[in-house]
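Colleague: Below is the structure I would like to discuss, written out as structure tokens.
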Amino acid sequence: MFSYVAYTLGIHSALPLPELVAREEAADVVVRFGRVDRPLPKVKAGEVCFRTTADEVTLFWEDVGAFSVRGGREIIVDPLPGVEERVLRLCILGPAFGVLLRQRGRLVLHASAVDVAGGAVAFLGKTGWGKSTMAAALHARGYYVVADDVTAVSADEDSTVVFPAFPQLKLWPDAAVAVGDVPDMLPRLSSNLEKRDRRTILGFSPGPLPLRGVYVLAFGETQRIETLGPQEALVELVRHSYGAGLLQTVGASSHFLQCASIVNNVTIRRLSRLESLSALSDLAQLVEENLAQSVEQSRSSVQSF
């Protein structure tokens, strides 16, 4: 077994997971190979179907295989013959871990996050809206990556905490170029996928961080930031929860309460951006200035108190 840590969990895996931080820890989660019954519905290549019970979620890709996620403690991998390990890792570290974290009672957001002055700031949005690109742009300006695409949060009345994932960003070649990387120097996530694996080891810390802010990404004619009201903020958090289709069977009530707690304790803003990556540098500067202003306001509030 290989031993790692991610999301503050000790992970023992029969499959090497080089994206994770290697560390000898007691096993909170075990990843192993085994037999998994396939869900009956047929799906197209690249699409996932799932079957759920109170304690188990089965994920199935027609061109990859099946994965059983059990009780927030175990991921069983049943691949089809000849599937690349890189593809299996994408399924394990993305959808399967998203389900497992929800089973463990954590709120899982479809977001990327960076460390700003000892607190996490998350960028929320659908696939293709620029979450990883935004995190990469800020990483290039000296901020440390906390999570990419799957951001796990614990939220209650007393605290809102983000659990760092692992030091990796997944970038399309044009986004890699926009943040100063050379795509040909970065490995592909798989032989059939143009997205690149951008490691972000520098400054990565596996310890939990307070959630200091959330930006909901949107496309617009101008680049601007606006604070959302409580009702709209709650809708956006629920809308952009990871694997929203599973909410009715995996912790729906606790999920809603956690979203409400974030709205009550964390400022949520809409970040409107141009679609062109040529404006990425200006967007990153806009966010950086807004973050600096937020940190200064927070310090002033503490001193006044």
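Per-residue answers, yes or no, for (1) of a type in the set (A, V, I, L, M, F, W, C); (2) modelled with pLDDT of 90 or more:
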residue	(1), (2)
237	yes, yes
247	yes, no
265	no, yes
275	no, no
298	no, no
304	no, no
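Colleague: Looking at the stretch 211-221, is at least one residue buried (at least 22 other Cβ atoms within 10 Å of the Cβ) and closer than 28 Å to residue 71 by Cα?
Modeller: yes
Colleague: Now for a different question. Applying the selection to the stretch 169-190, what residues are over 18 Å from residue 278 (Cβ atoms) and not aliphatic (A, V, I, L, M)?
Modeller: Residues satisfying the conditions are 170, 184, 187, 188, 190.
Colleague: Listed residues 106, 38; which is farther than 29 Å from residue 187 by Cα and either in contact with a helix residue (DSSP H, G or I) (Cβ under 8 Å, 6 or more places away or on another chain) or crowded, with 21+ Cβ neighbours inside 10 Å (or both)?
Modeller: Matching residue, one of 106, 38: 106.
Colleague: Next up: Need a quick list: strands (runs of 3 or more DSSP E) entirely within the stretch 8-98 having at least 1 residues that are among the aromatic types (Phe, Trp, Tyr).
Modeller: Here the list reads 29-33, 48-52, 56-61, 65-70.
Colleague: Something else: Do any residues in the stretch 190-207 that are closer than 18 Å to residue 120 by Cβ have Cβ atoms under 6 Å from those of residues that are β-branched (Val, Ile, Thr), where the two are at least six apart or on different chains, and which pairs are they?
Modeller: Short answer, once both residue conditions are applied: 200/145; 206/5; 206/21.
Colleague: Please go through the stretch 226-243 and give me each residue that is in a strand (DSSP E or B) and surrounded by fewer than 14 Cβ atoms within 10 Å (Cβ to Cβ), ordered by number.
Modeller: 226, 227
Colleague: Which residue is nearest to residue 234 (Cα to Cα), if the candidates are limited to the stretch 140-149 and must be surrounded by fewer than 24 Cβ atoms within 10 Å (Cβ to Cβ) and touching a strand residue (DSSP E or B) at 6+ places or on another chain (Cβ under 9 Å)?
Modeller: 149
Colleague: Still on this model: Taking the stretch 105-135 only, how many residues are in contact (Cβ under 8 Å) with a residue 40 or more places away in the chain and under 24 Å from residue 5 (Cβ atoms)?
Modeller: Residues that pass the stated criteria total 20.
Colleague: Restricting attention to the stretch 158-175, and to residues there that are among the polar types (S, T, N, Q) and buried (at least 20 other Cβ atoms within 10 Å of the Cβ), which single residue is modelled with the lowest pLDDT?
Modeller: Filtering first and then ranking leaves 160.
Colleague: Another question, then. Here are 118, 128: which of them is assigned by TED's automatic domain parsing to the domain that holds residue 209, in contact with a Leu (Cβ under 8 Å, 6 or more places away or on another chain) and surrounded by fewer than 16 Cβ atoms within 10 Å (Cβ to Cβ)?
Modeller: It is 118.
Colleague: Another question, then. Which of the residues spanning the stretch 139-154 are aliphatic (A, V, I, L, M) and under 16 Å from the mean Cα position of the chain (by Cα)?
Modeller: Selection gives 145, 146, 147, 150, 152, 153.
Colleague: Kindly provide the set of residues from the stretch 170-219 that are of a type in the set (S, T, N, Q) and either part of a strand (DSSP E or B) or in contact with a Ser or Thr (Cβ under 8 Å, 6 or more places away or on another chain) (or both), ordered by number.
Modeller: Of everything in the stretch 170-219, just one residue is of a type in the set (S, T, N, Q) and either part of a strand (DSSP E or B) or in contact with a Ser or Thr (Cβ under 8 Å, 6 or more places away or on another chain) (or both), namely 190.
Colleague: May I ask you to list the residues in the stretch 47-63 that are more than 15 Å from residue 92 (Cβ to Cβ), crowded, with 16+ Cβ neighbours inside 10 Å and of a type in the set (S, T, N, Q)?
Modeller: Within the stretch 47-63, just 52 meets the criteria.
Colleague: Of all residues being hydrophobic (A, V, I, L, M, F, W, C), within 18 Å of the chain's Cα centre (by Cα) and surrounded by 14 or more Cβ atoms within 10 Å (Cβ to Cβ) in the stretch 176-210, which is modelled with the lowest pLDDT? Just the residue, please.
Modeller: Checking each candidate, the answer is 204.
Colleague: Criterion first (closer than 22 Å to residue 152 by Cβ, in contact (Cβ under 8 Å) with a residue 40 or more places away in the chain and either in contact with a His (Cβ under 8 Å, 6 or more places away or on another chain) or not acidic (Asp, Glu) (or both)) does residue 68 satisfy it?
Modeller: Considered against the rule, which asks whether it is closer than 22 Å to residue 152 by Cβ, in contact (Cβ under 8 Å) with a residue 40 or more places away in the chain and either in contact with a His (Cβ under 8 Å, 6 or more places away or on another chain) or not acidic (Asp, Glu) (or both), residue 68 comes out as no.
The values are calculated or read from the model by the stated rules, or taken from the named source; none is laboratory data. The structure displayed is predicted, hence computed values, not measured ones. Cβ sites come from the backbone with ideal geometry, for glycine too, and all protein chains shown count toward neighbours.
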